[in-house]
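None of the figures in this text is laboratory data; all of them are computed from the coordinates on show. Everything numeric in this text was worked out from a predicted model, so none of it was measured. Reconstructed Cβ throughout: ideal geometry from the backbone, glycine too, with neighbour counts over all protein chains shown.
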Amino acid sequence: MDAEVALLAQSAGTTLIALMATDAWHQVREGITQLWRRAQPERAESVAAELEAVHEDVLAATDADDQETLDELRHQWQGMVRRLLVARPAAVEELRALLDRLDPEGSAARQITQHATASGQGRVYQAGRDQHITER
């Protein structure tokens with residue numbers, strides 16, 4: 001289950017940070033706080049306060065297009081979630097349900113990276129989704 005927990009924590013950290021900069025922020029805060037209240041009630045208030053602080057950091061980093069800070073925050077939350085799941089394995093299913101509610105299509109956690117090289121008369125066409133090319 002270690003690999004499963006690590007993957008779930010990675011997905012959770014990515015989803016949380018991505019959604020903190022959206023209108024879903026309030027749902028994220030409430031859902032994560034409730035998860036901690038049930039799994040580790042003694043830490044719930046400090047986690048709620050940390051969510052607020054991280055939310056401000058995410059907004060600032062997003063505005064500044066600071067990917068390094070966003071990556072650090074993502075890793076921080078991945079670690080926090082992984083430690084919670086290791087300490088309280090019963091929280092795994094609850095976290096899965098929360099992530100499904102917050103991001104049903106998994107779009108916040110989906111990251112696309114593309115690299116291409118063209119030389120001479122070569123052309124490269126890349127798309128993260130739909131692409132329509134009409135050449136004459």
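Karplus-based coupling profile of the range 33-49, in residue order and whole Hz: 4, 5, 4, 5, 4, 7, 8, 9, x, 5, 9, 4, 5, 5, 5, 4, 5, with θ = phi - 60° in 6.51 cos²θ - 1.76 cosθ + 1.60 and x standing for Gly or Pro. Each Lys or Arg adds one and each Asp or Glu subtracts one; over the other residues with Cβ under 13 Å from the Cβ of residue 96, this totals -4. log10 I(q)/I(0), Debye, Cα-only the range 33-111, no solvent, q = 0.19, 0.24 Å⁻¹? The computed values of log10 I(q)/I(0) come out as -0.97, -1.31. Here the Karplus relation 6.51 cos²θ - 1.76 cosθ + 1.60, evaluated at θ = phi - 60°, turns the backbone of the range 67-83 into coupling constants of 5, 4, 5, 4, 5, 4, 5, 4, 5, 4, 6, 4, x, 4, 5, 4, 5 Hz, with x for every Gly and Pro.
Just to confirm the filter: which chymotrypsin sites (Phe, Trp or Tyr not before Pro) across the range 29-136 are DSSP coil and have at most 15 other Cβ within 10 angstrom of their Cβ? For chymotrypsin sites (Phe, Trp or Tyr not before Pro) across the range 29-136 that sit outside H, G, I, E and B with at most 15 neighbouring Cβ atoms in 10 Å, the list reads 125.
Obtain the radius of gyration and the Kirkwood radius of the chain from its C-alpha atoms and give Rg over Rh.
With Rg and the Kirkwood Rh in hand, the quotient comes to 1.10.
Residues 80, 20 in ascending order of nearby Cβ atoms (within 10 Å, fewest first): 80, 20. Computed on the chain, with alpha-carbon pairs under 8 angstrom and 6+ residues apart, the relative contact order is 35 percent.
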